[in-house]
Structures are given as C-alpha cells and as structure tokens.
1. How big is the charge dipole of segment 38-163 about its Cα centre, in debye rounded to the nearest 20, if each Lys and Arg gets +1 on its Cβ and each Asp and Glu gets -1 on its Cβ?
2. Can you work out the Karplus-derived ³J(HN,Hα) for every residue in segment 157-163? Use 6.51 cos²θ - 1.76 cosθ + 1.60 with θ = phi - 60°, whole Hz, and x for glycine or proline.
3. If you take the charge dipole of segment 23-162 about its Cα centre, with +1 on Lys and Arg Cβ and -1 on Asp and Glu Cβ, which of TYR158, THR98, GLY30 is farthest toward its positive end?
4. Give a residue-ordered list of calculated ³J(HN,Hα) values for segment 98-107 (Karplus: 6.51 cos²θ - 1.76 cosθ + 1.60, θ = phi - 60°; whole Hz; x for Gly, Pro).
5. Taking Rh as the Kirkwood radius computed over C-alpha pairs, what is the Stokes-Einstein D of the chain at 10 °C in a medium of viscosity 1.306 mPa s, expressed in µm² per second?
6. Given the DSSP H assignment, sum -39500 (n - 2.57) over each helix run of at least 4 residues in the chain and divide by its residue total; what's the result at 222 nm in deg cm²/dmol, nearest 500?
7. Taking Cα centroids, how far is segment 31-99 from segment 100-163 in Å?
8. Just subtract the alpha-carbon distance of ASP91 and LYS77 from 0.36 nm times their residue separation and send over the number in nm, one decimal.
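Values in this text are rule-based calculations from the coordinates and carry no lab data. Predicted, not measured: the structure shown is a model, and the values here were computed from it. Because the Cβ atoms are built from the backbone with ideal geometry, glycine has one as well, and the counts that use them run over all protein chains shown.
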Amino acid sequence: MMSFKSFGVALGVCVMASTVQASDPKQVLGELDTRLTTIGAPRIEGMAKVGEVEVPVLFFGPRRMNGNYDVVDEIKKKHGATATVFVRNGDEFVRISTNVLTPEGKRGVGTNLARAKAYEAVIKGQGFCGDVDVLGTAFSACYNPIKDAKGQVVAVTYIGFKK
C-alpha cells in the first residue's frame, strides 16, 4: 500500500511530466494541424480584408479560416499556448486566425510573419522550431508549412509558449 507521502511524490512527478508534455510546441502544433486537416483539405478561394490588408481566403474543407478563431482559442484553452494560422500572400505570411495579442490587446490579425529563421524555413516548405520574438514577446515556438493539393505552401501554422 502506498503512503500519502509516496502518493504525493508520484502525483507530483505525473503532473510535472504532463506539464512538460503539454508545453511542447511541436506536440501541440501536431494537434493543431490534425484538427485543421480533419476539417478538410486546405485550399485558397477568393480574397478578403483581414485587419488592414487584403489577403487570400484560406479554407480547410468547408471552413473559412480568415477571422475564424475557434480552433486557435481551443488550443489556448487546452494548452495555454498561443496559436496562429497564416495565409500566404505573395512572399508574405499574414495572420488570419490567431490568439496572439498586440500590445494594445487586440488579436494580431493582418500582421506578417517576421522575416527571420521561421520565415526562411517555411518559405522553403520546411518546419521550424526554436526561440522567436512574436509581436515583441519571446516564445518557444514551432511553425509548419501547409501545402495545397499541388504541393504549394499556401499557409503556415504556429504554436508558441511564452518564455
């Protein structure tokens, strides 16, 4: 029979292990991508204004992602992570669905992915994990390019945990 003290130590180890696992941006990014692809295949259809910029409209199956925050907010609620879906607009990736807030406290939609290491990877169709600055705040983050049926990078997903 386990003593109360032993139980407490075992419980603490389990809680710490689950916290480490839940704070892994790569794992949570996989969950975000799975949620999106379960909705349907990614595609671009039309243009719409997000923030102050006109960008392509990204769909996963029938669901329009521009201005749709349910998936990113679910990730925040479940894992405490920031989450973003970017759409490709020429050579830029623009936030169209995010729970990342600007210094003014508004969702950072319509803002671009910074031209840094993450950008350099996803523009080539590669993922990136590492420390990044997101709208002025340091994060441990992962980014994943999303390709359409033709293999073109049309979007990027992001997960980050504040450092």
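1. 260 debye
2. Coupling constants for segment 157-163: 10, 9, 9, x, 10, 4, 8 Hz.
3. GLY30
4. 7, 10, 6, 9, 6, x, 7, x, 9, 4
5. Translational diffusion coefficient: 96 µm²/s.
6. -9500 deg cm²/dmol
7. Result: 12 Å between the Cα centres.
8. 1.9 nm
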